[in-house]
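Here's the structure, in structure tokens; my notes come after.
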Amino acid sequence: MSSIDSVQRNGVQAGLDDRGVPGSIPTPRSAADAYRVSDEDVHRARLVVAENSEGGEDLRQLLDMLGLISANPDQLPPVSR
């Protein structure tokens with residue numbers, strides 16, 4: 001079972017929505033939600049990608065495709081801008 005599956009199952013089993021609120025229905029997301037990604041969300045996403053990658057090059061490609069790393073070390077990753 002992947003980390004994503006276990007996180008999703010644990011949330012469902014606990015009766016929590018995507019915000020961790022018990023018993024509520026998650027609200028629809030819009031394009032503007034992409035700009036509300038917290039540093040903690042980025043960190044957790046990187047961990048999940050790292051746990052499921054097949055090596056260093058695979059990890060770098062996946063993080064780059066998802067906008068979780070920046071090509072230029074002086075800039076924020078696209079998902080954090």
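Below, the figures for the structure above:
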| read-out | value |
| --- | --- |
| Selection status of Arg19, in contact with a helix residue (DSSP H, G or I) (Cβ under 9 Å, 6 or more places away or on another chain), modelled with pLDDT under 75 and open to solvent by 100 Å² or more (accessible area, probe 1.4 Å) | no |
| Selected residue (criterion: most open to solvent (accessible area, probe 1.4 Å)) from residues of segment 42-81 that are of a type in the set (Lys, Arg) and within 10 Å of the chain's Cα centre (by Cα) | Arg44 |
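The values are calculated or read from the model by the stated rules, or taken from the named source; none is laboratory data. Computed from a predicted structure; not experimentally measured. Quick reminder, even Gly has a Cβ in these numbers, built from the backbone with ideal geometry, and neighbours come from all protein chains shown. When the accessible area is computed, the model is the full protein with side chains, heavy atoms only, and any ligands, DNA or RNA have been set aside. Shrake-Rupley method; radii C 1.70, N 1.55, O 1.52, S 1.80 Å.
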